[in-house]
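In what follows, a single structure is set out as structure tokens and then discussed.
Laboratory data are not the source of any read-out in this text; all were calculated from the coordinates shown. Quick caveat, the model's predicted, so the values are computed rather than measured. Here the Cβ positions follow ideal geometry from the backbone for every residue, glycine too, while neighbour counts run over all protein chains shown.
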Amino acid sequence: MRILLAEDDPSIAEGICSSLRQGGHAVDHVASGSLADTALRDHEYDLLVLDLGLPQLDGTEVLKRLRSRGAGMPVLVVTARDGLPERIRVLDLGADDYLVKPFALSEFEARVRALLRRASSRGVPELQLGRLRLDLPGHRAWIDETALELTAREFGLLEALALRPDRVTSRAQLIEALCDWDQELTDNGLDIAIHRLRRKLHGSGTGVRTIRGLGYLLEEAEAADGDLE
Ligand code: CA
């Protein structure tokens, strides 16, 4: 999943970034409200983690603008402002959850998992495609009862394809889903990840089909053996 973190305190941001990355997510970090607003217009995110006290543009204004554009992505507010009226105001503006600083990273991680679970699969934490089963918040996948050994990138790739069943996903969309600003994924790197994923899906009845010039499709087929071309 790709997450935007808007937080101006460097040490809090560092802790949150590393926790989310360890969880296999791609994280973009901005330290001002105006940069958050720009990033939200320019990129697609699965979750926004939003501090309220941000320079240039307050977090509540970022949230207001986001919802006024009709964006429905989940928003987790993390802030030191813990008054009841403030909490109610932020929830009414469209935040999905609210965490008061200081907080335990384990609680933060649990709330992120809950929000992503609700958003990514509309309440269903698992996706089933033929014999392939994905636990989205847990980052695990199985063929029948056999767990697949996937790297964070391979799981991200499989998830990005599985969330768009019967639709072609372009290379640009895959790179957008897999990378944050601090990482680079070259064309070559994407090819390698696809190649490895195909090898691991071999024999599963589900394969990654190449649609020449357009992108990729996760497909369940009699003949699918993980390396459809
Ligand atoms: Ca702040």
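Calculate the translational D of the chain in whole µm² s⁻¹ from Stokes-Einstein, where the hydrodynamic radius comes from the Kirkwood formula applied to all Cα pairs, the temperature is 37 °C and the viscosity 0.692 mPa s. Answer, rounded: 177 µm²/s. Mark the label point 7 Å from the Cα of S19 along Cα→Cβ and return the residues of the range 35-50 whose backbone N is within less than 20 Å of it. Correct set: 46-50. Dividing the summed helix terms, -39500 (n - 2.57) for each DSSP H run of n ≥ 4, by the number of residues in the chain produces a 222 nm estimate of -12500 deg cm²/dmol to the nearest 500. Classify the range 93-152 as rounded, prolate or oblate from the Cα gyration tensor: take a ≥ b ≥ c as the square roots of its eigenvalues, call it rounded if a/c is under 1.5, otherwise prolate when a/b beats b/c and oblate if not. Note, shape of the range 93-152 comes out oblate. Using only the alpha-carbon atoms, how far is helix 187-201 inclined from the longest principal axis of the chain? Give it as 0 to 90 degrees, nearest 10. Computed tilt is about 60 degrees. Stretching S32 away from V100 to a fully extended chain increases their span by 22.6 nm, per 0.36 nm per residue minus the current alpha-carbon distance.
Estimated at 0.36 nm per residue, the fully extended path between R131 and I211 surpasses their Cα-Cα distance by 26.5 nm.
Counting only alpha carbon atoms, the long axis of helix 105-120 and the longest principal axis of the chain meet at about 60°.
Qualifying GluC sites (Glu not before Pro) in the range 5-45, where qualification requires a DSSP coil assignment and no more than 16 other C-beta atoms within 10 Å, comprise E44.
Of the residues D82, D51, the one with the fewest other Cβ atoms within 10 Å heads the list, and the complete ranking is D82, D51.
In this simple spin-label approximation, S11 and R67 carry label points 7 Å from Cα along the Cα→Cβ vector, and these lie 3.3 nm apart. In this structure, E86 and R196 have a Cβ-Cβ separation that, at R0 = 45 Å, corresponds to a calculated FRET efficiency of about 0.45. Which shape class, rounded, prolate or oblate, goes with the range 1-82 when its Cα gyration tensor gives a ≥ b ≥ c as root eigenvalues, a/c under 1.5 marks rounded, and past that a/b bigger than b/c marks prolate? Taking the square roots of the gyration eigenvalues as a ≥ b ≥ c, the range 1-82 is oblate. In loop segments of the range 20-87 as defined by DSSP, the trypsin sites (Lys or Arg not before Pro) with at most 11 further C-beta atoms inside 10 Å of their C-beta are R69.
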